[in-house]
2 protein chains.
Amino acid sequence: MLEKEKLVKSESIFEGRVIRVKLDTVEVVQNGNITTRELVEHPGGVAIVAINDEGKICLVRQYRRPFDEIMLEIPAGKLEWGEDHRECGIRELREETGYSAKEFVYLGEFYVTPGFCNEKIHIYLATELVLGEKDLDENEFTESCEYTFDELVDMIMNNEIKDAKTVIGIMKAREYLNRKNK
Amino acid sequence: MLEKEKLVKSESIFEGRVIRVKLDTVEVVQNGNITTRELVEHPGGVAIVAINDEGKICLVRQYRRPFDEIMLEIPAGKLEWGEDHRECGIRELREETGYSAKEFVYLGEFYVTPGFCNEKIHIYLATELVLGEKDLDENEFTESCEYTFDELVDMIMNNEIKDAKTVIGIMKAREYLNRKNK
């Protein structure tokens, strides 16, 4: 039978700029066992599938420290704790690509790794783009590039694109547009 | 210009059963700035899209502490540090659903949240299933259920399914089978 676990005690391990780490002691209700759960708290983020007038999607290449790798991703950013995700998405798209969008449609949220982390990422589809100026953070360096849906789905299936929000954003946006245009 | 960051110093913050937390000090090569990066290390996991003889996909409902929520997910498990992901996938499918698969096809890997965490999840497509006995861990409780691809894609688009590995597994498996059957 499925039951929620009961929290016995919560210990704060680390408070960073991006994440907080906690060690919770819980009771497993079904058998009365006491065990611990490691938790990473994160404010969540927003990722944007932005399609330009040629039908191409805007992506950014950037360095990612955990893999020591340069990765290809859709534009995205971290929420401030409590920030509205639509406002954040509009800001991040402009900062990372220079684009503003006249149409900004919500495609839902996903949980990146619900076993130990509470990070949610919200996805938006941005169309009718108007180009302005980029505005990156001081220690943020990116390169912009553009691909068609067909190219991106091939890159997902060939395992060239590995970032979860990019795979989910592209696949959901394609399905959304296929259903809309039927 | 894109450059990898240079590691200056790495401090261990926490060593848990599931995750390790580190605080790296790095040099941003482009401007010489020194900054810190919070890192969560995770051994990675395997998730399985298992299709039974009726064409339905096997899912499990389970409690997830970070959201205090019962979630619908494809079967999955954590790798032991250094474990072969194919072996892990075969074992986890059997433990969580009781199924063994005669066909076990690799659909690639994804990075759950590459901004701060090095967790990779490998995805397999399992078909020609043979039912045996489940074998859950002591503090693991799940409920099995089955859905068609059409039902699952509707649930993804309606935001009823939020788990990243489940969204990616279903969308990649459907695309793989569509291309194969063309």
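The values are calculated or read from the model by the stated rules, or taken from the named source; none is laboratory data. These numbers come from a predicted model, not from an experiment. Note that we place each Cβ from the backbone using ideal geometry, even for glycine, and neighbour counts take in every protein chain shown.
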Scanning segment B:45-90 residue by residue, those crowded, with 21+ Cβ neighbours inside 10 Å, more than 12 Å from every other protein chain (Cβ to nearest Cβ) and small (Gly, Ala, Ser) turn out to be B:ALA50, B:GLY89
Condition (residue is under 21 Å from A:ARG174 (Cα atoms), touching a residue at least 60 places away in the same chain (Cβ under 8 Å) and among the small types (Gly, Ala, Ser)) applied to segment A:67-87: is it met by at least one residue? yes
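Would you tally the residues in segment B:150-174 being more than 19 Å from B:VAL46 (Cα to Cα) and either within 8 Å of chain A (Cβ to nearest Cβ) or not in a helix (DSSP H, G or I) (or both)?
So the count comes out to 6.
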Considering residues of segment A:1-22 that are facing chain B (nearest Cβ under 7 Å) and in a strand (DSSP E or B) only, the residue surrounded by the most Cβ atoms within 10 Å (Cβ to Cβ): A:VAL21
Candidate set from segment A:24-44 (those that are within 7 Å of another protein chain (Cβ to nearest Cβ) and surrounded by fewer than 17 Cβ atoms within 10 Å (Cβ to Cβ)); member that is nearest to A:ARG65 (Cα to Cα): A:THR35
Here is a check on your reading of the model: is B:THR127 more than 30 Å from A:ASN33 (Cα to Cα) and hydroxyl-bearing (Ser, Thr, Tyr)? yes
Residues within segment B:135-149 that are part of a strand (DSSP E or B) and of a type in the set (Asp, Glu), tallied: 2
Going by the structure shown, is A:THR148 β-branched (Val, Ile, Thr), more than 20 Å from B:GLU109 (Cα to Cα) and modelled with pLDDT of 95 or more? yes
Within segment A:92-149, the residues that are β-branched (Val, Ile, Thr) and either over 15 Å from A:PRO75 (Cα atoms) or within 14 Å of chain B (Cβ to nearest Cβ) (or both) are A:VAL105, A:VAL112, A:THR113, A:ILE121, A:ILE123, A:VAL130, A:THR142, A:THR148
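So, of the residues in segment A:91-115 that are farther than 30 Å from B:VAL21 by Cβ and surrounded by fewer than 18 Cβ atoms within 10 Å (Cβ to Cβ), which turns out to be nearest to the chain's Cα centre (by Cα)? Give the steps one after another, and end with the answer.
Applying the first criterion (farther than 30 Å from B:VAL21 by Cβ) to segment A:91-115 yields A:93-94, A:97-107.
Of the ones still in play, those that are also surrounded by fewer than 18 Cβ atoms within 10 Å (Cβ to Cβ) are A:98, A:100, A:102-106.
Working: A:GLY98: 19, A:SER100: 19, A:LYS102: 21, A:GLU103: 19, A:PHE104: 16, A:VAL105: 15, A:TYR106: 13 Å.
My answer is A:TYR106.
Does segment B:1-55 hold any residues that are of a type in the set (Gly, Ala, Ser) and in contact with a His (Cβ under 8 Å, 6 or more places away or on another chain), and which are they? Quick ask: steps written out before the conclusion?
First pass over segment B:1-55, keeping only residues of a type in the set (Gly, Ala, Ser): B:10, B:12, B:16, B:32, B:44-45, B:47, B:50, B:55.
Selection gives B:GLY44, B:GLY45, B:ALA47.
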Residue that is farthest from A:ILE168 (Cα to Cα) [pool: residues in segment A:1-54 that are without any contact (Cβ under 8 Å) to a residue 60 or more places away in the chain and among the basic types (Lys, Arg)]: A:LYS9
It is to be established whether one or more residues within segment B:119-134 are touching a residue at least 40 places away in the same chain (Cβ under 8 Å) and assigned to a helix (DSSP H, G or I). no
With the requirement that a residue be among the charged types (D, E, K, R), closer than 23 Å to A:GLU3 by Cα and either assigned to a helix (DSSP H, G or I) or touching a Gly at 6+ places or on another chain (Cβ under 8 Å) (or both), what does segment B:71-110 give you? B:LYS78, B:GLU92, B:ARG94, B:GLU95, B:GLU96
Across segment B:116-126, what is the number of residues that are farther than 20 Å from B:LEU93 by Cβ and surrounded by fewer than 24 Cβ atoms within 10 Å (Cβ to Cβ)? 2
